[in-house]
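Step one of this worksheet: look at the structure below.
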Amino acid sequence: MEPSGEEEKGGGRFCASEHQHVRYNPLRDDWVLVSAHRVKRPWQGQLEKPPPEDVPRWDPNNPLCPGATRANGEVNPQYEGTFVFPNDFPALQPDAPEPDDSGHPLFRAAAARGVCKVMCFHPWSDLTLPLMSLAEIRAVIDAWAELAAELGASYPWVQIFENKGAMMGCSNPHPHCQVWASSFLPNEACLEDRTQQQHLNQHGVPMLLEYAEQEARRKERLVVENKDWLVVVPYWATWPYQTLLLPRRHICRLQDLHEGEKDSLASIMKRLLIKYDNLFEVSFPYSMGWHGAPTGPYLEKDCRHWQLHAHYYPPLLRSATVRKFMVGYEMLAQAQRDLTPEQAAERLRSLPEVHYKQRAKEMS
């Protein structure tokens, strides 16, 4: 029985929000320690500065703005929607040579080739996804699907990801994401490929399809939902307000979405991200990314164990200035969290779906 309610444990009654316990993550085949009582402890650690609110709409010195000059000397077009260009400082390049053989199994290396692209969501630097229109978000989704198909025609893995906010290492406030296509399956992809294949073999249904159906029925970790998608704080969440975005039908890859599913995806993304910003009334930092079935040579293989999904990993814990650090026990033993996923989901679920900045304008 899952430890989400109350039950007899030894001499007392177990309560997930009061008593520490561990939860299994079937997607990563590991465990997380839940210690919800620790959130009550006084905080005397590091405080973050809230992100600046005075980002200029256009800055000629910002290399992501329309008409600006990038580090390689190229001038951006006067783009009015999304804009994709090769990363000027790529982590992967298509023509890297093979590493030399070290001659010892403890010193192994292998070739790593690929391409890295940057995608601007919008020409304005002072906008983020939750403040964009549904049509503008839909354009981002279309561009994601096109890039996934284009790069996935030859590369086994296409990782679309967004680092939002300086707290997550983002060096530029302009709304954008990155797309890295690699000649190899990264660690997380290999892990999810194995666990999803094992689940299908053992249970006859894709893991995350079954999981979405269970969460839609149970409701306790549900944040937002519509006819095609749902967002939950996963039962095994590690980060305080981590969420998992899941389709209701079996979909292997982003490029397999129907037109209506892209529209409803834009809607549910906007609703989730507004709730995130409203939580602490700040432009909410996070790292997010899409995981789907591998591509390239895998397009000809049976990948029905895969289910498309997006991970959102936000670091904030108590306020706009207090975040969760993955250090000490987390780095040396296993992940640990300070509030239950059910508590996090309830808090997010109860937040309004009108952005706090728009509410302020309406009241002024």
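The values are calculated or read from the model by the stated rules, or taken from the named source; none is laboratory data. Keep in mind it's a predicted model, so treat the numbers as computed, not measured. Note that each Cβ is placed from the backbone with ideal geometry, even for glycine, and that neighbours are counted across all protein chains shown. Surface accessibility is based on the protein's heavy atoms, side chains included, excluding ligands, DNA and RNA. Shrake-Rupley method; radii C 1.70, N 1.55, O 1.52, S 1.80 Å.
Looking only at residues in segment 294-334 that are within 17 Å of L185 (Cα to Cα) and among the hydroxyl-bearing types (S, T, Y), which one is surrounded by the most Cβ atoms within 10 Å (Cβ to Cβ)?
Filtering segment 294-334 for residues that are within 17 Å of L185 (Cα to Cα) and among the hydroxyl-bearing types (S, T, Y), the one surrounded by the most Cβ atoms within 10 Å (Cβ to Cβ) comes out as T295.
Exactly one of these conditions fails for P97: (1) in contact with a strand residue (DSSP E or B) (Cβ under 6 Å, 6 or more places away or on another chain); (2) open to solvent by 50 Å² or more (accessible area, probe 1.4 Å); (3) closer than 26 Å to Q159 by Cα. Give me its number.
Checking P97 against (1) in contact with a strand residue (DSSP E or B) (Cβ under 6 Å, 6 or more places away or on another chain); (2) open to solvent by 50 Å² or more (accessible area, probe 1.4 Å); (3) closer than 26 Å to Q159 by Cα, the one that fails is (1).
Select from segment 31-50 the residues that are open to solvent by less than 100 Å² (accessible area, probe 1.4 Å), over 27 Å from C170 (Cβ atoms) and modelled with pLDDT of 90 or more and list them in ascending order.
If the condition is that a residue be open to solvent by less than 100 Å² (accessible area, probe 1.4 Å), over 27 Å from C170 (Cβ atoms) and modelled with pLDDT of 90 or more, then L33, V34, S35 are the ones that fit.
Let's see how each residue does on (1) within 19 Å of F121 (Cβ to Cβ); (2) modelled with pLDDT of 95 or more; (3) not hydroxyl-bearing (S, T, Y):
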position: S267; (1), (2), (3): yes, yes, no
position: R271; (1), (2), (3): yes, yes, yes
position: L279; (1), (2), (3): no, yes, yes
position: S287; (1), (2), (3): yes, yes, no
position: W290; (1), (2), (3): yes, yes, yes
position: C303; (1), (2), (3): no, yes, yes
position: H311; (1), (2), (3): yes, yes, yes
position: S319; (1), (2), (3): no, no, no
position: R323; (1), (2), (3): no, no, yes
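Per-residue answers, yes or no, for (1) within 27 Å of N61 (Cα to Cα); (2) assigned to a helix (DSSP H, G or I); (3) of a type in the set (A, V, I, L, M):
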residue	(1), (2), (3)
Q78	yes, no, no
Q93	yes, no, no
P99	no, no, no
G103	no, no, no
A110	no, no, yes
A139	yes, yes, yes
W144	yes, yes, no
L151	no, yes, yes
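Within segment 258-269, is there a residue that is in a loop (DSSP other than H, G, I, E, B) and touching a helix residue (DSSP H, G or I) at 6+ places or on another chain (Cβ under 9 Å)?
no
Name the single residue that is farthest from F280 (Cα to Cα) among those in segment 293-337 being β-branched (V, I, T) and in contact (Cβ under 8 Å) with a residue 12 or more places away in the chain.
Taking the candidates together, the pick is T295.
Matching residues to (1) more than 21 Å from A181 (Cβ to Cβ); (2) polar (S, T, N, Q):
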residue: P97; (1), (2): no, no
residue: S102; (1), (2): yes, yes
residue: F107; (1), (2): yes, no
residue: F121; (1), (2): no, no
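Please verify whether segment 191-203 includes one or more residues that are over 28 Å from S319 (Cα atoms) and in contact with a strand residue (DSSP E or B) (Cβ under 7 Å, 6 or more places away or on another chain).
Yes, because at least one residue in segment 191-203 is over 28 Å from S319 (Cα atoms) and in contact with a strand residue (DSSP E or B) (Cβ under 7 Å, 6 or more places away or on another chain).
How many residues does segment 270-285 contain that are of a type in the set (D, E, K, R), touching a Phe, Trp or Tyr at 6+ places or on another chain (Cβ under 6 Å) and in a helix (DSSP H, G or I)?
Summing the residues that are of a type in the set (D, E, K, R), touching a Phe, Trp or Tyr at 6+ places or on another chain (Cβ under 6 Å) and in a helix (DSSP H, G or I) in segment 270-285 gives 1.
Residues of segment 203-256 being in a loop (DSSP other than H, G, I, E, B), hydrophobic (A, V, I, L, M, F, W, C) and crowded, with 21+ Cβ neighbours inside 10 Å, which ones?
V233, W236, A237, W239, I251
Conditions (1) out of contact with any helix residue (DSSP H, G or I) (no Cβ under 8 Å at 6 or more places or on another chain); (2) free of Cβ contacts under 8 Å to residues at least 24 places away in the same chain, marked per residue:
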residue: A145; (1), (2): no, no
residue: W180; (1), (2): yes, no
residue: E188; (1), (2): yes, no
residue: Q196; (1), (2): no, no
residue: L209; (1), (2): yes, no
residue: R217; (1), (2): yes, yes
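When you check S102 against the structure, is it free of Cβ contacts under 8 Å to residues at least 12 places away in the same chain and surrounded by 10 or more Cβ atoms within 10 Å (Cβ to Cβ), yes or no?
yes
Restricting to segment 188-202, give me the number of residues that are open to solvent by 30 Å² or more (accessible area, probe 1.4 Å) and of a type in the set (A, V, I, L, M).
Counting residues in segment 188-202 that are open to solvent by 30 Å² or more (accessible area, probe 1.4 Å) and of a type in the set (A, V, I, L, M) gives 1.
Does E53 satisfy being in a loop (DSSP other than H, G, I, E, B), at pLDDT 95 or above and either out of contact with any Cys (no Cβ under 8 Å at 6 or more places or on another chain) or among the aliphatic types (A, V, I, L, M) (or both)?
no
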